[in-house]
Amino acid sequence: MTTTREPNKVLSQIEYDVIGTRPIRPDGADKVTGRAKYSADFTISGAIYGKLVRSPHAHARIISIDTSKAEAHPSVKAVVTGEDLPKTVIGADGDRPKTSGEIAADLKYLRHQIMATEKVVFGNQPVAAVAAATAHDAEEAAKLVEVKYEILPSVTEVRAAMEDDAPVLHDDIEMTEFGEKTGRKGNIADHFQNKIGDPQKGFEQADVIVEREFNTATVHQGYIEPHSCTVHWRDDDRIFIWNSCQGPFNIRDATAEVLGVPLTNVKLTPQEIGGGFGGKFEPYGEPVLALLSKKAGAPVKMWMTRTEDLEATGPSPGSYVRVKMGATKDGKIVAGEAELAFEAGAYPGSVVEAGGECVFAPYDIPNAVVDGYDVVVNKSKMAAYRAPGATNAEFASETVVDELAQKLDIDPIEFRLMNAAKEGTRKVDGTSFPRIGLVEVLEALKDHDHWKSPIEGDNVARGFACAYWMNAGLQSAVNLAVNSDGRVSLTEGSPDIGGSRASISMQAAEILGIPSEDILPSVVDTDSIGFTFGTGGSRTTFATGYAAIEAAKDVKQQMIERAALIWGVAPESVQMDKGNIHAGNGAELKMTFKELAAEMNDTGGAITGRGSVNPSGVGAAFAGLIVDIHADPETGKVQILRATIAQDAGKAIHPSYVEGQLQGGTAQGIGWGLNEEYFMSDEGRMANSSFLDYRMPTALDLPMIDTVIVEVANPGHPFGVRGVGEVNIAPPPAAIANALSRSLGVRMERLPMNPNTVMETMWANNGSSNGS
Amino acid sequence: MPTKSYVQTNINGESVEFLAEPRQSLLEVLRDTLQLTGAKEGCNDGNCGACTVKMDGRIVCSCLVFGVEAEGADIETIEGMASPEGLHPLQTAFLENAALQCGICTPGFLMASKALLDHNPNPTEGQIRWWLANNLCRCTGYDKIVRAVMDAAQKMQA
Ligand code: FES
Ligand code: FES
């Protein structure tokens, strides 16, 4: 059978003039010519260079820090230690009010993570910092800081950290259980439970039950631009920061809190950002450089090495997940039970709650219970990573769902359709879904040429998995100003990680009825726009786009009023559509957008519009992935032969960049599934902290990634947008595992599924199938 | 402080002089001394390709070359890719095919892709993937990058 392969499909319900087209992104020319200024490209006269002094131990008491030799270095301008950070207390019990970043962090822990006092709790943790005339001098001087440690036993794995006799990281962590303090000290910071129906009764009704335990390795976001920043504590006591980050306001606020200064003393000017994926929401060097800058009286610049970035900035948790599900013989899932334990890194606050929300979310399960544990280990504090928590949780549940389908001899997509969550389906956390597009995603893939094509070759097999992610709304502000030539300046506070200048401008253009090229977007500093939560949670095109729509409506109304004033008619009689303004029945009074703009300055001045939103109608995201793999039974190596991902975008504003999100997420999910992991030494140090040894997929490891954009409008957005940035990372590990069960007959319970773990699993099964 | 050496080199067709410490990489010299910040530092150990430039006809990771090794060399960087007539067809193809998201890897991919097309004007998908395997992109999954290179190759042949 031959079919023509259509790599990218868009299943549109509604067409618009600008939305759904594929203009060149406004920042494109800068980014293909090398002109675009990223964080490390920023320069300011008089800058000196910072370097963090980091702990060689994963867990140790700090006995003493002697900075005298570093201070004596001829090029050194300033040295600081953790003692220089003010012991600010915010809130009655000293806690930082939740939450400024994507993941909540207690202020005292955030401060300690940034520069430790008393003890260190993860490898490469900063304990001091130096600033010198050149970057090489700073590096040299950092080595002159003498730190004496008393080494403590460390624990870097979640299950080991939960043991009663595990080394304890913090003596002030007391487990909270179901919202109550228990008095139990140790590494478990929190235990929560969500329950719906009667799981025990549910399992009694089941004809088939599958239960498995899964362990996944710690992975990193792996953005290509390491963390870097320049900070100037100026003589007027304002602290200027230039960095690349996902959340300029999030980092402004957190830096101010750590330094104990008023929020607006800090001004953050975001530079172009070289990827984030959730890992650039929290301050790392910013407060330290501020202290160095204050001491030295000069701007201080610093960029991390890849090793510092990998070991000491937020990875995504390693986890233990147990999933048990039961179904009747006619294919109805009747009960689920899950237990999730996630690494929080060295301080409490992992993404286990999100994982707990995701684990059963794609299905209508009447009886289910989910237990989650937040556990500290001697690794860098976990940060968000693209649908944080979803990949760990849904790797487990999608494997079990697949095995149920196999045991019941039902097609895997069909089985999911029979149980798919729909509008009104209640999740385990008690909330129910508004209109969602899971059924449409599943149907698009069931009908896809990839799913129907024959599977050919030895040890070649096909796997399927789907996933849910909740997406975020939160605050965004946009300002518009009409220029007298009819082009419109747009200011926003959302760093553009992957084409959002385009997707936001296009929404404003659609409302104003002008081409998207006539919108001139700028991402501005925190003094120049209203509070905008960071670029994350798949929220930017949704929420900042929403703000752009509101601002454009504001402009449109003022354009109508201005035309009415010029014509001497009532504003109610004036209309504006597709960029033309007209009044009267026979439309004898008419002007184009540009003609009105040209008269604007002489008829009352520039027209400006504003939009500020905190939208509640966040549209949940669903994606499904078909993969064909070849698995080598001799070596355990898995090669991806073909991949097709479908996702509900609600409405794809710029389909090319939506496809890009689907493809990029799939690639990261494949890396997570097959290769990526932190190797921890017995001493608790990351042993593979380089891109040579932390192996992310290259062009050679991947095939083309075909996409289907499904559009089930989100009722919570004027154009129906759902965020598209994250859910796509979650299906690959399970889809690959499900393919492996059909290729080599093994059910994988460990990530990554590298040749080692695949062979070990095969040997453990004596080469025989433990699948069905 | 180590003494600096005087280096005379050619960058994007212009004669350029600079002083460099022996420990400074070509990448550092380009970025910090010459303000040619189009080449990026992603790893500083030859594993990401963000710092890719062309040196005497070969693509190199400029983080693995010492600044002093540039003596007498012919170096091409991303800053020299567009001409007064406009963008190079590869640059246009990257824009039209949405082959960049964050864009930090883009200069490296463009330099490597240009070297590929100079050497093989009509590469297959597999040849493109093999050639670009030295360059990491964490955003795109490579699909649109590979398509952009094929698109540019086609347009350059026409
Ligand atoms: S910076 Fe040179 S290869 Fe990564
Ligand atoms: S576009 Fe971001 S790393 Fe390639």
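Structure values in brief
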quantity	calculated
Subset of the stretch B:1-11 (residues that are in contact (Cβ under 8 Å) with a residue 40 or more places away in the chain and either among the aliphatic types (A, V, I, L, M) or within 11 Å of chain A (Cβ to nearest Cβ) (or both))	B:Val7, B:Ile11
Hits in the stretch A:676-687 - residues which are in contact (Cβ under 8 Å) with a residue 40 or more places away in the chain and either more than 16 Å from ligand 2 (Cβ to nearest atom) or more than 14 Å from every other protein chain (Cβ to nearest Cβ) (or both)	A:Glu677, A:Tyr678, A:Met680, A:Glu683, A:Gly684, A:Arg685, A:Met686
Residue in the stretch A:212-234 that is nearest to the chain's Cα centre (by Cα), counting only those that are more than 28 Å from A:Glu339 (Cα to Cα) and more than 16 Å from ligand 1 (Cβ to nearest atom)	A:Cys229
Residue that is among the aliphatic types (A, V, I, L, M), buried (at least 24 other Cβ atoms within 10 Å of the Cβ) and in a strand (DSSP E or B), where the choices are A:Val231, A:Val210	A:Val231
Search result, residues across the stretch A:470-510 that are among the small types (Gly, Ala, Ser), surrounded by fewer than 24 Cβ atoms within 10 Å (Cβ to Cβ) and either assigned to a helix (DSSP H, G or I) or touching an Asp or Glu at 6+ places or on another chain (Cβ under 7 Å) (or both)	A:Gly486
Which listed residue, of A:Thr707, A:Thr603, A:Thr698, A:Thr666, is hydroxyl-bearing (Ser, Thr, Tyr), without any contact (Cβ under 8 Å) to a residue 60 or more places away in the chain and within 11 Å of another protein chain (Cβ to nearest Cβ)	A:Thr698
Selection count, the stretch B:32-53, where residues are more than 16 Å from ligand 2 (Cβ to nearest atom) and in contact with an Asp or Glu (Cβ under 7 Å, 6 or more places away or on another chain)	3
Residue list for the stretch B:41-59, filter: farther than 22 Å from B:Tyr6 by Cα and more than 7 Å from chain A (Cβ to nearest Cβ)	B:Gly46, B:Gly49, B:Cys51, B:Thr52, B:Gly57, B:Arg58, B:Ile59
Qualifying residue in the stretch B:86-105 (condition: within 14 Å of ligand 1 (Cβ to nearest atom) and under 30 Å from A:Gly725 (Cβ atoms))	yes
Filter result for B:Gly38 (in a loop (DSSP other than H, G, I, E, B), more than 14 Å from A:Phe691 (Cβ to Cβ) and within 16 Å of ligand 1 (Cβ to nearest atom))	yes
Which listed residue is within 12 Å of chain A (Cβ to nearest Cβ), part of a helix (DSSP H, G or I) and surrounded by fewer than 24 Cβ atoms within 10 Å (Cβ to Cβ), from B:Gln127, B:Gln154	B:Gln127
Subset tally (residues that are out of contact with any helix residue (DSSP H, G or I) (no Cβ under 8 Å at 6 or more places or on another chain), part of a strand (DSSP E or B) and not β-branched (Val, Ile, Thr)) for the stretch B:6-35	6
Of all residues making up the stretch B:29-40, the number that are of a type in the set (Ser, Thr, Tyr) and more than 7 Å from every other protein chain (Cβ to nearest Cβ)	1
Failed item in (1) free of Cβ contacts under 8 Å to residues at least 12 places away in the same chain; (2) on the phi < 0 side of the Ramachandran plot; (3) facing chain A (nearest Cβ under 8 Å), with B:His119 passing the rest	(3)
Residues of the stretch A:549-600 classified as part of a strand (DSSP E or B) and in contact (Cβ under 8 Å) with a residue 12 or more places away in the chain, total	10
Sole exception among (1) of a type in the set (Gly, Ala, Ser); (2) in contact (Cβ under 8 Å) with a residue 40 or more places away in the chain; (3) away from chain B (no Cβ under 14 Å) for A:Gly673, by number	(3)
Count - residues of the stretch A:260-278 that are away from every other protein chain (no Cβ under 14 Å) and crowded, with 24+ Cβ neighbours inside 10 Å	2
Close pairs (8 angstrom Cβ cut-off, 6 or more residues apart or separate chains): touching a residue at least 12 places away in the same chain (Cβ under 8 Å) in the stretch B:131-158, within 14 Å of ligand 2 (Cβ to nearest atom) and among the acidic types (Asp, Glu) anywhere	B:Lys144/A:Glu659
Single residue of the stretch A:675-705 satisfying the filter (in contact with a helix residue (DSSP H, G or I) (Cβ under 7 Å, 6 or more places away or on another chain) and under 29 Å from A:Glu443 (Cα atoms)) that is surrounded by the most Cβ atoms within 10 Å (Cβ to Cβ)	A:Ile705
Scan of the stretch A:682-701 for residues that are small (Gly, Ala, Ser) and closer than 20 Å to B:Ile145 by Cα, ordered by number	A:Ala699
Options B:Leu136, B:Leu87, B:Leu110, B:Leu95: the member that is within 7 Å of chain A (Cβ to nearest Cβ) and away from ligand 2 (no atom under 16 Å from the Cβ)	B:Leu87
Residue in the stretch A:337-347 that is assigned to a loop (DSSP other than H, G, I, E, B), buried (at least 22 other Cβ atoms within 10 Å of the Cβ) and of a type outside the set (A, V, I, L, M) present	yes
Members of the stretch B:44-62 that are part of a loop (DSSP other than H, G, I, E, B) and either away from ligand 1 (no atom under 16 Å from the Cβ) or in contact (Cβ under 8 Å) with a residue 40 or more places away in the chain (or both)	B:Asn47, B:Cys48, B:Gly49, B:Ala50, B:Cys51, B:Asp56, B:Gly57
Leading residue by the ranking (surrounded by the fewest Cβ atoms within 10 Å (Cβ to Cβ)) among those in the stretch B:44-67 that are of a type in the set (S, T, N, Q) and in contact with a helix residue (DSSP H, G or I) (Cβ under 6 Å, 6 or more places away or on another chain)	B:Asn44
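Yes or no, residue by residue, for (1) at pLDDT 95 or above; (2) over 30 Å from A:Arg238 (Cα atoms):
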residue	(1), (2)
A:Gly513	yes, yes
A:Asp525	yes, no
A:Ser538	no, yes
A:Val555	yes, yes
A:Arg562	yes, yes
A:Ala587	no, yes
A:Leu596	yes, yes
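The values are calculated or read from the model by the stated rules, or taken from the named source; none is laboratory data. Quantities reported herein were computed from a predicted structural model and do not represent experimental measurements. Cβ: placed from backbone, ideal geometry, glycine included. Neighbour counts: every protein chain shown.
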